[in-house]
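This report concerns only the one structure given below.
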Amino acid sequence: MLEKLSSSLRQTLAKISGAMFVDDALIAELTKDLQRALLQSDVNVKLVMDLTNGIKSRIRDTPKGVSKKDYLVKVIYDELVAFLGGEGHKITVTQKPFIVMLVGLFGSGKTTHAGKLARFFSLRGQRVAVLGLDVHRPGAMDQLEQLAGKLNVPCMIDKQDKNVLSILRRFKPELAKYDIVIVDTAGRDALSEDLIREINAVHNALQPQENLLVISADIGQTAERQAQAFHDACAVTGVIITKMDGTAKGGGALSACAITKAPVKFIGVGEKLEDLEAFDPKRFVGRMLGMGDLETLLEKVDEVMDKQDAEDLGKRFLKGEFNLLDLYEQMEAMSKMGPLGKVMDMIPGFSQLQLPKDVLAVQEGKLKEWKIAMQSMTKEELEDPSIISSSRIERISIGSGVEAPIVRELIKQYRHSKKLVRQLKGMGAGNPKQMQKLMRKMGMNASG
(Lines give C-alpha, C1' and ligand atoms only; values in the text may rest on other atoms or scores of the structure.)
Protein backbone atom coordinates (compact mmCIF):
# COMPACT_ATOMS: atom_id res chain seq x y z
CA MET A 1 0.00 0.00 0.00
CA LEU A 2 1.78 3.18 -1.25
CA GLU A 3 5.03 1.25 -0.77
CA LYS A 4 7.33 3.92 -2.24
CA LEU A 5 5.80 6.66 -0.11
CA SER A 6 5.92 4.46 2.97
CA SER A 7 9.58 3.58 2.34
CA SER A 8 10.49 7.27 1.86
CA LEU A 9 8.67 8.32 5.03
CA ARG A 10 10.44 5.62 7.05
CA GLN A 11 13.79 6.79 5.69
CA THR A 12 12.88 10.30 6.81
CA LEU A 13 12.19 9.06 10.35
CA ALA A 14 15.48 7.12 10.29
CA LYS A 15 17.31 10.37 9.45
CA ILE A 16 15.72 12.03 12.47
CA SER A 17 16.67 9.11 14.70
CA GLY A 18 20.27 9.11 13.46
CA ALA A 19 20.80 12.88 13.68
CA MET A 20 22.93 14.33 16.48
CA PHE A 21 20.49 17.23 16.88
CA VAL A 22 17.62 18.92 15.04
CA ASP A 23 18.58 22.20 13.35
CA ASP A 24 17.32 24.29 10.43
CA ALA A 25 19.50 22.38 7.95
CA LEU A 26 18.02 19.02 9.00
CA ILE A 27 14.46 20.36 8.88
CA ALA A 28 15.06 21.81 5.40
CA GLU A 29 16.47 18.48 4.22
CA LEU A 30 13.58 16.52 5.72
CA THR A 31 10.89 18.77 4.25
CA LYS A 32 12.48 18.42 0.80
CA ASP A 33 12.51 14.63 1.24
CA LEU A 34 8.84 14.71 2.25
CA GLN A 35 7.89 16.96 -0.67
CA ARG A 36 9.68 14.67 -3.14
CA ALA A 37 8.06 11.52 -1.68
CA LEU A 38 4.54 12.99 -1.65
CA LEU A 39 4.79 14.44 -5.16
CA GLN A 40 6.07 11.11 -6.51
CA SER A 41 2.96 9.50 -4.98
CA ASP A 42 0.81 11.95 -6.98
CA VAL A 43 -0.28 14.12 -4.05
CA ASN A 44 -1.58 17.56 -5.03
CA VAL A 45 1.24 20.18 -5.11
CA LYS A 46 -0.63 22.79 -3.04
CA LEU A 47 -1.44 20.22 -0.35
CA VAL A 48 2.21 19.12 -0.27
CA MET A 49 3.38 22.70 0.27
CA ASP A 50 0.73 23.35 2.92
CA LEU A 51 1.69 20.16 4.76
CA THR A 52 5.46 20.79 4.78
CA ASN A 53 4.98 24.48 5.69
CA GLY A 54 2.84 23.33 8.61
CA ILE A 55 5.64 21.04 9.79
CA LYS A 56 8.25 23.82 9.56
CA SER A 57 5.98 26.23 11.41
CA ARG A 58 5.12 23.88 14.28
CA ILE A 59 8.64 22.60 14.95
CA ARG A 60 9.76 26.15 15.88
CA ASP A 61 7.72 25.93 19.10
CA THR A 62 8.88 22.69 20.74
CA PRO A 63 7.12 22.20 24.12
CA LYS A 64 9.26 22.13 27.25
CA GLY A 65 10.22 18.68 28.48
CA VAL A 66 10.03 17.12 25.00
CA SER A 67 13.11 16.44 22.88
CA LYS A 68 13.12 18.17 19.51
CA LYS A 69 13.62 14.80 17.79
CA ASP A 70 10.53 13.25 19.39
CA TYR A 71 8.49 16.37 18.74
CA LEU A 72 9.51 16.46 15.06
CA VAL A 73 8.33 12.85 14.60
CA LYS A 74 5.03 13.74 16.34
CA VAL A 75 4.57 16.82 14.13
CA ILE A 76 5.13 14.80 10.93
CA TYR A 77 2.65 12.17 12.17
CA ASP A 78 0.05 14.80 13.20
CA GLU A 79 0.29 16.73 9.93
CA LEU A 80 -0.07 13.60 7.80
CA VAL A 81 -3.09 12.49 9.85
CA ALA A 82 -4.71 15.92 9.52
CA PHE A 83 -4.06 15.91 5.76
CA LEU A 84 -5.80 12.53 5.41
CA GLY A 85 -8.90 13.44 7.39
CA GLY A 86 -8.02 13.71 11.07
CA GLU A 87 -10.20 11.48 13.21
CA GLY A 88 -11.70 9.74 10.16
CA HIS A 89 -15.32 9.20 9.23
CA LYS A 90 -16.66 5.84 10.32
CA ILE A 91 -20.10 4.65 9.25
CA THR A 92 -22.48 4.43 12.21
CA VAL A 93 -25.68 2.46 11.69
CA THR A 94 -28.37 4.81 13.00
CA GLN A 95 -31.55 3.13 11.76
CA LYS A 96 -32.88 -0.04 10.17
CA PRO A 97 -32.82 -0.64 7.33
CA PHE A 98 -29.59 1.34 6.89
CA ILE A 99 -29.13 1.73 3.14
CA VAL A 100 -25.67 2.10 1.60
CA MET A 101 -25.78 3.05 -2.08
CA LEU A 102 -22.68 2.66 -4.27
CA VAL A 103 -22.12 4.95 -7.26
CA GLY A 104 -19.26 5.34 -9.73
CA LEU A 105 -18.06 4.89 -13.30
CA PHE A 106 -17.59 1.63 -15.22
CA GLY A 107 -14.67 -0.46 -13.97
CA SER A 108 -14.34 1.24 -10.59
CA GLY A 109 -15.22 -1.95 -8.70
CA LYS A 110 -18.72 -1.17 -7.37
CA THR A 111 -20.06 -4.73 -7.56
CA THR A 112 -16.95 -6.29 -5.99
CA HIS A 113 -17.06 -3.73 -3.19
CA ALA A 114 -20.76 -4.34 -2.63
CA GLY A 115 -19.66 -7.89 -1.75
CA LYS A 116 -16.77 -6.64 0.39
CA LEU A 117 -19.07 -4.30 2.33
CA ALA A 118 -21.60 -7.11 2.82
CA ARG A 119 -18.85 -9.25 4.35
CA PHE A 120 -17.53 -6.34 6.46
CA PHE A 121 -20.90 -5.62 8.07
CA SER A 122 -21.93 -9.29 8.38
CA LEU A 123 -18.81 -9.99 10.45
CA ARG A 124 -19.89 -7.18 12.77
CA GLY A 125 -23.17 -8.86 13.58
CA GLN A 126 -25.45 -7.03 11.11
CA ARG A 127 -28.14 -8.73 9.03
CA VAL A 128 -27.06 -7.73 5.52
CA ALA A 129 -28.60 -8.04 2.07
CA VAL A 130 -27.48 -6.79 -1.36
CA LEU A 131 -29.70 -5.18 -3.99
CA GLY A 132 -28.62 -5.20 -7.65
CA LEU A 133 -29.66 -2.22 -9.77
CA ASP A 134 -27.00 -2.34 -12.48
CA VAL A 135 -29.22 -3.12 -15.46
CA HIS A 136 -26.66 -1.95 -18.05
CA ARG A 137 -23.46 -3.97 -17.54
CA PRO A 138 -23.72 -7.56 -18.85
CA GLY A 139 -23.01 -10.00 -16.06
CA ALA A 140 -23.38 -7.45 -13.22
CA MET A 141 -26.36 -9.27 -11.70
CA ASP A 142 -24.65 -12.66 -12.04
CA GLN A 143 -21.49 -11.33 -10.37
CA LEU A 144 -23.45 -9.88 -7.44
CA GLU A 145 -25.39 -13.13 -7.06
CA GLN A 146 -22.14 -15.16 -6.96
CA LEU A 147 -20.57 -12.87 -4.37
CA ALA A 148 -23.69 -13.00 -2.19
CA GLY A 149 -23.70 -16.80 -2.48
CA LYS A 150 -20.12 -17.00 -1.21
CA LEU A 151 -21.07 -14.84 1.77
CA ASN A 152 -24.43 -16.53 2.36
CA VAL A 153 -26.26 -13.18 2.31
CA PRO A 154 -29.62 -12.56 0.54
CA CYS A 155 -29.37 -11.11 -2.96
CA MET A 156 -32.27 -9.14 -4.50
CA ILE A 157 -31.93 -9.05 -8.30
CA ASP A 158 -34.11 -9.28 -11.40
CA LYS A 159 -32.20 -10.39 -14.50
CA GLN A 160 -35.11 -9.71 -16.87
CA ASP A 161 -36.37 -6.26 -15.86
CA LYS A 162 -34.30 -3.40 -17.27
CA ASN A 163 -36.22 -0.66 -15.43
CA VAL A 164 -34.35 0.35 -12.28
CA LEU A 165 -37.35 1.95 -10.54
CA SER A 166 -39.51 -1.07 -11.35
CA ILE A 167 -36.96 -3.38 -9.67
CA LEU A 168 -36.87 -1.02 -6.69
CA ARG A 169 -40.66 -1.06 -6.30
CA ARG A 170 -40.63 -4.85 -6.35
CA PHE A 171 -38.03 -5.27 -3.61
CA LYS A 172 -38.64 -2.20 -1.43
CA PRO A 173 -41.03 -4.04 0.97
CA GLU A 174 -38.25 -6.62 1.57
CA LEU A 175 -35.68 -4.07 2.75
CA ALA A 176 -37.17 -3.71 6.23
CA LYS A 177 -36.13 -7.29 7.06
CA TYR A 178 -32.44 -6.33 7.17
CA ASP A 179 -30.17 -4.13 9.26
CA ILE A 180 -28.09 -3.01 6.27
CA VAL A 181 -28.82 -3.13 2.53
CA ILE A 182 -25.92 -2.59 0.09
CA VAL A 183 -27.16 -1.23 -3.25
CA ASP A 184 -25.10 -1.75 -6.42
CA THR A 185 -25.97 0.84 -9.10
CA ALA A 186 -25.02 1.14 -12.78
CA GLY A 187 -22.00 3.08 -14.05
CA ARG A 188 -21.10 4.81 -17.32
CA ASP A 189 -17.86 5.65 -19.12
CA ALA A 190 -18.27 9.23 -17.87
CA LEU A 191 -20.52 11.17 -15.52
CA SER A 192 -23.21 11.89 -18.13
CA GLU A 193 -26.60 13.56 -17.69
CA ASP A 194 -28.16 10.14 -18.18
CA LEU A 195 -26.17 8.65 -15.28
CA ILE A 196 -26.91 11.62 -13.01
CA ARG A 197 -30.67 11.33 -13.70
CA GLU A 198 -30.64 7.59 -12.96
CA ILE A 199 -28.61 7.94 -9.74
CA ASN A 200 -30.80 10.79 -8.50
CA ALA A 201 -33.98 8.85 -9.30
CA VAL A 202 -32.70 5.86 -7.31
CA HIS A 203 -31.51 8.17 -4.53
CA ASN A 204 -34.93 9.85 -4.26
CA ALA A 205 -36.73 6.50 -4.22
CA LEU A 206 -34.41 4.86 -1.67
CA GLN A 207 -33.33 7.81 0.50
CA PRO A 208 -30.05 6.04 1.44
CA GLN A 209 -28.23 6.90 4.64
CA GLU A 210 -24.87 6.60 2.83
CA ASN A 211 -24.16 7.39 -0.81
CA LEU A 212 -20.60 6.17 -1.43
CA LEU A 213 -18.54 6.95 -4.53
CA VAL A 214 -16.28 4.08 -5.61
CA ILE A 215 -13.12 5.29 -7.38
CA SER A 216 -9.93 3.52 -8.39
CA ALA A 217 -6.64 4.69 -6.85
CA ASP A 218 -4.79 4.23 -10.16
CA ILE A 219 -6.47 7.27 -11.74
CA GLY A 220 -4.35 9.52 -9.48
CA GLN A 221 -5.26 13.22 -9.39
CA THR A 222 -8.01 12.68 -11.98
CA ALA A 223 -9.92 11.45 -8.93
CA GLU A 224 -10.30 15.10 -7.85
CA ARG A 225 -12.50 16.00 -10.84
CA GLN A 226 -14.42 12.75 -10.53
CA ALA A 227 -15.01 13.10 -6.79
CA GLN A 228 -16.05 16.76 -7.14
CA ALA A 229 -18.45 16.01 -10.04
CA PHE A 230 -20.16 13.14 -8.19
CA HIS A 231 -20.15 15.13 -4.95
CA ASP A 232 -21.94 18.06 -6.62
CA ALA A 233 -24.35 16.00 -8.75
CA CYS A 234 -25.30 13.08 -6.51
CA ALA A 235 -24.90 14.19 -2.87
CA VAL A 236 -22.01 11.80 -2.18
CA THR A 237 -21.46 11.23 1.56
CA GLY A 238 -18.12 9.43 1.28
CA VAL A 239 -15.64 7.58 -0.92
CA ILE A 240 -14.30 4.04 -1.27
CA ILE A 241 -10.84 4.04 -2.91
CA THR A 242 -10.09 0.71 -4.60
CA LYS A 243 -6.78 -0.83 -5.77
CA MET A 244 -4.76 0.88 -3.02
CA ASP A 245 -2.45 -2.14 -2.94
CA GLY A 246 -1.31 -1.97 -6.55
CA THR A 247 -0.54 1.63 -7.48
CA ALA A 248 1.92 4.42 -6.67
CA LYS A 249 -0.80 7.00 -7.44
CA GLY A 250 -2.89 6.35 -4.32
CA GLY A 251 -1.73 9.66 -2.86
CA GLY A 252 -3.50 11.45 -5.70
CA ALA A 253 -6.82 9.80 -4.94
CA LEU A 254 -6.45 10.44 -1.19
CA SER A 255 -5.56 14.10 -1.66
CA ALA A 256 -8.39 14.54 -4.19
CA CYS A 257 -10.84 13.50 -1.50
CA ALA A 258 -9.24 15.93 0.95
CA ILE A 259 -9.69 18.80 -1.52
CA THR A 260 -13.32 17.99 -2.34
CA LYS A 261 -14.24 17.36 1.34
CA ALA A 262 -15.60 13.94 0.33
CA PRO A 263 -14.28 11.79 3.21
CA VAL A 264 -12.63 8.44 2.50
CA LYS A 265 -14.59 5.80 4.41
CA PHE A 266 -13.08 2.57 3.08
CA ILE A 267 -10.04 1.46 1.09
CA GLY A 268 -9.72 -1.67 -1.02
CA VAL A 269 -6.34 -3.32 -0.44
CA GLY A 270 -6.60 -6.45 -2.62
CA GLU A 271 -8.86 -8.55 -4.81
CA LYS A 272 -10.32 -10.88 -2.16
CA LEU A 273 -13.57 -10.20 -0.31
CA GLU A 274 -11.66 -9.73 2.94
CA ASP A 275 -9.40 -7.06 1.40
CA LEU A 276 -11.37 -4.06 2.63
CA GLU A 277 -10.49 -1.73 5.51
CA ALA A 278 -12.42 1.06 7.18
CA PHE A 279 -10.21 4.08 6.54
CA ASP A 280 -8.71 5.45 9.73
CA PRO A 281 -6.09 8.17 9.06
CA LYS A 282 -4.24 7.52 12.35
CA ARG A 283 -3.88 3.80 11.67
CA PHE A 284 -3.02 4.42 8.02
CA VAL A 285 -0.25 6.92 8.81
CA GLY A 286 1.05 4.72 11.65
CA ARG A 287 1.49 1.84 9.23
CA MET A 288 3.16 4.02 6.59
CA LEU A 289 5.63 5.35 9.14
CA GLY A 290 6.46 1.84 10.39
CA MET A 291 4.71 2.33 13.73
CA GLY A 292 2.39 -0.62 13.15
CA ASP A 293 -1.39 -0.89 13.38
CA LEU A 294 -2.37 -3.23 16.19
CA GLU A 295 -6.06 -2.29 16.07
CA THR A 296 -6.50 -3.46 12.46
CA LEU A 297 -4.37 -6.55 13.20
CA LEU A 298 -6.62 -7.48 16.13
CA GLU A 299 -9.73 -6.89 14.00
CA LYS A 300 -8.35 -9.28 11.38
CA VAL A 301 -7.62 -11.88 14.09
CA ASP A 302 -11.24 -11.55 15.30
CA GLU A 303 -12.45 -12.10 11.72
CA VAL A 304 -10.55 -15.35 11.20
CA MET A 305 -10.56 -16.83 14.72
CA ASP A 306 -13.22 -17.38 17.35
CA LYS A 307 -12.41 -15.15 20.36
CA GLN A 308 -12.63 -18.00 22.90
CA ASP A 309 -10.48 -20.27 20.71
CA ALA A 310 -7.89 -17.51 20.36
CA GLU A 311 -7.78 -16.98 24.13
CA ASP A 312 -7.48 -20.73 24.81
CA LEU A 313 -4.73 -21.07 22.21
CA GLY A 314 -2.90 -18.08 23.69
CA LYS A 315 -3.01 -19.62 27.18
CA ARG A 316 -1.68 -22.95 25.87
CA PHE A 317 1.16 -21.17 24.06
CA LEU A 318 2.14 -19.26 27.22
CA LYS A 319 2.13 -22.49 29.22
CA GLY A 320 4.22 -24.22 26.55
CA GLU A 321 1.48 -26.82 26.06
CA PHE A 322 0.80 -26.26 22.37
CA ASN A 323 1.28 -29.02 19.77
CA LEU A 324 1.41 -29.18 15.98
CA LEU A 325 -2.40 -29.11 15.76
CA ASP A 326 -2.34 -25.74 17.52
CA LEU A 327 0.49 -24.58 15.25
CA TYR A 328 -1.50 -25.67 12.19
CA GLU A 329 -4.58 -23.78 13.43
CA GLN A 330 -2.50 -20.66 13.96
CA MET A 331 -0.97 -20.94 10.48
CA GLU A 332 -4.45 -21.37 8.95
CA ALA A 333 -5.60 -18.17 10.68
CA MET A 334 -2.44 -16.35 9.52
CA SER A 335 -3.05 -17.35 5.88
CA LYS A 336 -6.61 -15.93 6.05
CA MET A 337 -5.30 -12.59 7.30
CA GLY A 338 -3.52 -11.87 4.03
CA PRO A 339 0.09 -11.84 2.75
CA LEU A 340 2.78 -12.10 5.41
CA GLY A 341 4.20 -8.70 4.44
CA LYS A 342 0.88 -6.97 5.14
CA VAL A 343 0.54 -8.67 8.52
CA MET A 344 4.14 -7.78 9.45
CA ASP A 345 3.47 -4.12 8.63
CA MET A 346 0.76 -4.04 11.29
CA ILE A 347 3.07 -5.26 14.08
CA PRO A 348 4.82 -2.31 15.77
CA GLY A 349 8.58 -2.50 15.19
CA PHE A 350 8.54 -5.36 12.67
CA SER A 351 8.16 -3.10 9.64
CA GLN A 352 11.27 -1.18 10.72
CA LEU A 353 13.35 -4.35 10.29
CA GLN A 354 13.09 -3.70 6.54
CA LEU A 355 13.08 -7.38 5.66
CA PRO A 356 13.60 -7.89 1.92
CA LYS A 357 10.52 -8.95 -0.04
CA ASP A 358 12.21 -12.15 -1.21
CA VAL A 359 12.85 -13.16 2.44
CA LEU A 360 9.15 -12.73 3.25
CA ALA A 361 8.20 -14.64 0.08
CA VAL A 362 10.50 -17.54 1.06
CA GLN A 363 9.02 -17.61 4.58
CA GLU A 364 5.48 -17.56 3.18
CA GLY A 365 6.42 -20.46 0.89
CA LYS A 366 7.79 -22.41 3.87
CA LEU A 367 4.56 -21.91 5.82
CA LYS A 368 2.59 -23.36 2.91
CA GLU A 369 4.91 -26.39 2.68
CA TRP A 370 4.73 -26.93 6.44
CA LYS A 371 0.94 -26.96 6.28
CA ILE A 372 1.06 -29.56 3.49
CA ALA A 373 3.48 -31.69 5.51
CA MET A 374 1.22 -31.55 8.57
CA GLN A 375 -1.70 -32.79 6.49
CA SER A 376 0.24 -36.06 5.99
CA MET A 377 0.86 -36.56 9.71
CA THR A 378 -1.22 -38.85 11.91
CA LYS A 379 -3.35 -37.39 14.72
CA GLU A 380 -0.93 -38.96 17.19
CA GLU A 381 2.05 -37.21 15.56
CA LEU A 382 0.28 -33.85 15.51
CA GLU A 383 -0.65 -34.14 19.19
CA ASP A 384 2.80 -35.39 20.27
CA PRO A 385 5.54 -34.29 17.82
CA SER A 386 8.23 -35.81 20.08
CA ILE A 387 7.43 -39.24 18.57
CA ILE A 388 8.34 -38.11 15.03
CA SER A 389 11.48 -40.10 14.24
CA SER A 390 13.62 -40.12 11.09
CA SER A 391 11.58 -42.96 9.58
CA ARG A 392 8.36 -41.07 10.25
CA ILE A 393 9.85 -37.95 8.64
CA GLU A 394 10.62 -40.01 5.50
CA ARG A 395 7.03 -41.33 5.46
CA ILE A 396 5.59 -37.81 5.90
CA SER A 397 7.86 -36.51 3.14
CA ILE A 398 6.78 -39.21 0.67
CA GLY A 399 3.10 -38.81 1.57
CA SER A 400 3.04 -35.02 1.30
CA GLY A 401 5.53 -34.46 -1.51
CA VAL A 402 7.45 -32.09 0.77
CA GLU A 403 11.21 -32.68 0.95
CA ALA A 404 12.46 -34.35 4.16
CA PRO A 405 14.77 -31.41 5.15
CA ILE A 406 11.73 -29.09 5.13
CA VAL A 407 9.80 -31.50 7.38
CA ARG A 408 12.82 -31.61 9.73
CA GLU A 409 12.91 -27.79 9.70
CA LEU A 410 9.25 -27.73 10.76
CA ILE A 411 9.95 -30.05 13.73
CA LYS A 412 13.01 -27.98 14.63
CA GLN A 413 10.97 -24.76 14.48
CA TYR A 414 8.29 -26.29 16.69
CA ARG A 415 10.86 -27.37 19.32
CA HIS A 416 12.54 -23.97 19.16
CA SER A 417 9.17 -22.23 19.71
CA LYS A 418 8.45 -24.38 22.78
CA LYS A 419 11.91 -23.65 24.17
CA LEU A 420 11.46 -19.91 23.58
CA VAL A 421 8.08 -19.92 25.35
CA ARG A 422 9.62 -21.71 28.36
CA GLN A 423 12.39 -19.09 28.47
CA LEU A 424 9.89 -16.24 28.30
CA LYS A 425 7.81 -17.87 31.02
CA GLY A 426 10.88 -18.13 33.24
CA MET A 427 11.64 -14.46 32.57
CA GLY A 428 8.19 -13.35 33.65
CA ALA A 429 5.83 -13.67 30.65
CA GLY A 430 2.28 -13.38 31.91
CA ASN A 431 3.40 -11.30 34.92
CA PRO A 432 3.07 -7.58 34.02
CA LYS A 433 5.57 -6.37 36.66
CA GLN A 434 8.17 -8.94 35.67
CA MET A 435 7.67 -8.13 31.98
CA GLN A 436 8.16 -4.42 32.67
CA LYS A 437 11.46 -5.22 34.42
CA LEU A 438 12.49 -7.44 31.52
CA MET A 439 11.62 -4.75 28.95
CA ARG A 440 13.60 -2.14 30.90
CA LYS A 441 16.62 -4.47 30.88
CA MET A 442 16.23 -4.77 27.10
CA GLY A 443 16.06 -0.97 26.78
CA MET A 444 12.38 -0.95 25.86
CA ASN A 445 9.74 1.42 27.20
CA ALA A 446 6.91 -0.68 28.59
CA SER A 447 4.61 2.22 29.26
CA GLY A 448 3.74 3.00 25.68
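The values are calculated or read from the model by the stated rules, or taken from the named source; none is laboratory data. Not measured: the values here are computed from a predicted model. Note that each Cβ is placed from the backbone with ideal geometry, even for glycine, and that neighbours are counted across all protein chains shown.
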Quick check on my filter: what residues within the stretch 23-70 are part of a helix (DSSP H, G or I), under 30 Å from residue 245 (Cβ atoms) and of a type in the set (Gly, Ala, Ser)? 37, 54
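Is it true that residue 74 is in a loop (DSSP other than H, G, I, E, B) and either acidic (Asp, Glu) or not assigned by TED's automatic domain parsing to the domain that holds residue 231 (or both)?
Values: in a loop (DSSP other than H, G, I, E, B): no; either acidic (Asp, Glu) or not assigned by TED's automatic domain parsing to the domain that holds residue 231 (or both): yes.
No.
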Looking only at the stretch 207-224, and only at residues there that are assigned to a helix (DSSP H, G or I) and touching a Lys or Arg at 6+ places or on another chain (Cβ under 8 Å), the one that is nearest to residue 276 (Cα to Cα): 217
Only one residue in 33, 42 is touching a helix residue (DSSP H, G or I) at 6+ places or on another chain (Cβ under 9 Å), more than 16 Å from residue 78 (Cβ to Cβ), of a type in the set (Asp, Glu) and touching a residue at least 40 places away in the same chain (Cβ under 8 Å). Which one? 42
Could you go through the stretch 366-384 and let me know if any residue there is among the small types (Gly, Ala, Ser), in a helix (DSSP H, G or I) and either at pLDDT below 75 or more than 33 Å from the chain's Cα centre (by Cα) (or both). no
Pick out the one residue from 410, 420 that is within 22 Å of residue 368 (Cβ to Cβ), part of a helix (DSSP H, G or I), under 31 Å from the mean Cα position of the chain (by Cα) and modelled with pLDDT of 55 or more. 410
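If you scan the stretch 181-204, which residues turn out to be surrounded by fewer than 20 Cβ atoms within 10 Å (Cβ to Cβ) and either not assigned by TED's automatic domain parsing to the domain that holds residue 154 or not in a loop (DSSP other than H, G, I, E, B) (or both)? First the steps, then the outcome.
Taking the stretch 181-204 as the starting set, the residues that turn out to be surrounded by fewer than 20 Cβ atoms within 10 Å (Cβ to Cβ) are 188-190, 192-194, 196-197, 200-201, 203-204.
Selection gives 193, 194, 196, 197, 200, 201, 203, 204.
Identify, please: which residue in the stretch 100-146 is of a type in the set (Ser, Thr, Tyr) and assigned to a helix (DSSP H, G or I) and is, among those, farthest from residue 219 (Cα to Cα)?
First, pick out the residues of the stretch 100-146 that are of a type in the set (Ser, Thr, Tyr): 108, 111-112, 122.
Applying the additional criterion that residues be assigned to a helix (DSSP H, G or I) yields 111-112, 122.
Numbers: 111: 19, 112: 18, 122: 30 Å.
Only one residue fits best here, namely 122.
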Any chance the stretch 221-229 includes a residue that's basic (Lys, Arg), more than 26 Å from residue 90 (Cβ to Cβ) and either over 27 Å from the mean Cα position of the chain (by Cα) or at pLDDT 85 or above (or both)? no
Total residues in the stretch 148-176, condition within 30 Å of the chain's Cα centre (by Cα) and of a type outside the set (Val, Ile, Thr): 9
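Looking at this structure, is residue 355 out of contact with any Cys (no Cβ under 6 Å at 6 or more places or on another chain), at pLDDT below 90, part of a helix (DSSP H, G or I) and assigned by TED's automatic domain parsing to the domain that holds residue 416? Lay out the reasoning, then the answer.
Working: out of contact with any Cys (no Cβ under 6 Å at 6 or more places or on another chain): yes; at pLDDT below 90: yes; part of a helix (DSSP H, G or I): no; assigned by TED's automatic domain parsing to the domain that holds residue 416: yes.
Criteria not met by residue 355.
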Conditions: (1) outside any helix (DSSP H, G or I); (2) in contact with a Lys or Arg (Cβ under 8 Å, 6 or more places away or on another chain); (3) surrounded by 15 or more Cβ atoms within 10 Å (Cβ to Cβ). Residue 93 meets all but one. Number of the miss? (2)
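Do you know which residues across the stretch 225-256 are assigned to a helix (DSSP H, G or I) and under 24 Å from residue 274 (Cβ atoms)? It would help to see each step written out before you state the result.
Step one: of the stretch 225-256, the residues assigned to a helix (DSSP H, G or I) are 225-234, 250-256.
Across the stretch 225-256, the qualifying residues are 250, 253, 254.
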Identify the residue in the stretch 77-90 that is part of a helix (DSSP H, G or I) and of a type in the set (A, V, I, L, M) and, among all such residues, is nearest to residue 30 (Cα to Cα). 80
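Of everything in the stretch 54-89 that's aromatic (Phe, Trp, Tyr) and in contact (Cβ under 8 Å) with a residue 40 or more places away in the chain, which residue is surrounded by the most Cβ atoms within 10 Å (Cβ to Cβ)? Spell out the reasoning first.
Our first condition is that a residue be aromatic (Phe, Trp, Tyr); within the stretch 54-89, this holds for 71, 77, 83.
Now restrict to residues that are in contact (Cβ under 8 Å) with a residue 40 or more places away in the chain: 77, 83.
Numbers: 77: 18, 83: 21.
The selected residue is 83.
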Residue list for the stretch 84-116, restricted to those being touching a strand residue (DSSP E or B) at 6+ places or on another chain (Cβ under 6 Å), within 12 Å of residue 185 (Cβ to Cβ) and at pLDDT below 90: 104, 108
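Yes/no matrix, rows are residues, columns are (1) buried (at least 21 other Cβ atoms within 10 Å of the Cβ); (2) over 20 Å from residue 113 (Cα atoms); (3) modelled with pLDDT of 90 or more:
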{"position": "245", "(1), (2), (3)": "no, no, no"}
{"position": "253", "(1), (2), (3)": "yes, no, no"}
{"position": "265", "(1), (2), (3)": "yes, no, yes"}
{"position": "272", "(1), (2), (3)": "no, no, no"}
Single unsatisfied condition, residue 178 versus (1) closer than 14 Å to residue 113 by Cα; (2) in contact (Cβ under 8 Å) with a residue 60 or more places away in the chain; (3) crowded, with 20+ Cβ neighbours inside 10 Å: (1)
Would you be able to say whether some residue in the stretch 187-205 is of a type outside the set (D, E, K, R), without any contact (Cβ under 8 Å) to a residue 12 or more places away in the chain and farther than 20 Å from residue 137 by Cβ? yes
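Within the stretch 395-406, can you find the residues that are assigned to a helix (DSSP H, G or I) and in contact with a helix residue (DSSP H, G or I) (Cβ under 6 Å, 6 or more places away or on another chain)?
Step one: filter the stretch 395-406 for residues assigned to a helix (DSSP H, G or I), giving 395-400, 404-406.
Across the stretch 395-406, the qualifying residues are 396, 397, 400, 404, 406.
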